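We did not get these values from a lab; they are worked out from the coordinates using the rules stated. Just so it is clear, the model here is predicted, and its values are computed rather than measured. Here the Cβ is made from the backbone with ideal geometry for all residues, glycine too, and neighbour counts use every protein chain on show.
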């Protein structure tokens, strides 16, 4: 295994997108190793990758000989081992708020519309593409309605999800906004989310992490 940071991901994976943002916000050098989630039945199921990550999911981050999985755990690991600039607040209450915002996306909204869930809907229930799109729109809209309230009513929300510097919550929000736009959920319905999304995408760290900017994105 090489030394340094190696990220196994897929260009359109929301979870890998989060980690790319975190790596870029910290200004870290890292190697991108694409894992195509569709080609040949999904390269994540190949024996070599399954040995690296038994969950057969992306992302997976290798830091030298250390193998890390799960995007939120990876980002917090990076924050603890490469502390500047921080992606979580210095106070316990602030960290709890940021983690709650991040988990509202990563644990409640995103998994329901993940690729393997949509594939299962098609395989088991014969859901058509239009059905999958409607499913995704419903759960994104439901989650964003709650998230908009959490963000808009709290004075801790600034230019970004927590204060005026981007962090863990923003790294989760922006990929989910990408999914929302992909499935036709209008961000205009969520003005605080839309404002934060625009502020984030004004930063190079977010633009460089975007799906279309990845080497494995279709050209």
Evaluated over region 5-85, the Cα radius of gyration and Dmax, each in Å | 12.2, 40
So what's the back-of-envelope 222 nm ellipticity for the chain, counting only DSSP H runs of four-plus at -39500 (n - 2.57) apiece and dividing by all residues, rounded to 500?
-> -15500 deg cm²/dmol
Within region 77-109, whose backbone N sits under 16 Å from a point 7 Å along Cα→Cβ of residue 150?
-> 88-89, 93-109
Rg to Rh, two decimals, where the chain supplies the alpha carbon set and Rh follows Kirkwood = 0.96
Would you mind checking the radius of gyration and Dmax of region 176-219 based on alpha-carbon positions, in Å?
-> 11.6, 33
Mean Cβ neighbour count within 10 Å, used as a protection proxy, ranking 154-162, 92-100 highest first | 154-162, 92-100
Among the Cα-Cα pairs of region 39-133, the proportion with separation greater than 22 Å, in percent, is 48
Starting from the Kirkwood radius over alpha-carbon pairs of region 92-206, derive D by Stokes-Einstein at 4 °C in a medium of 1.567 mPa s and give it in µm² s⁻¹.
-> 89
DSSP bridge pairs, region 1-117: antiparallel proportion in percent, nearest 5 | 65
By Cβ neighbour count within 10 Å, fewest first, 115, 88, 28 rank 28, 115, 88
Which percent, nearest 5, of DSSP beta bridges in the chain are antiparallel?
-> 60
Region 144-193: projected area of the alpha-carbon convex hull, averaged over directions, in nm² | 3.2
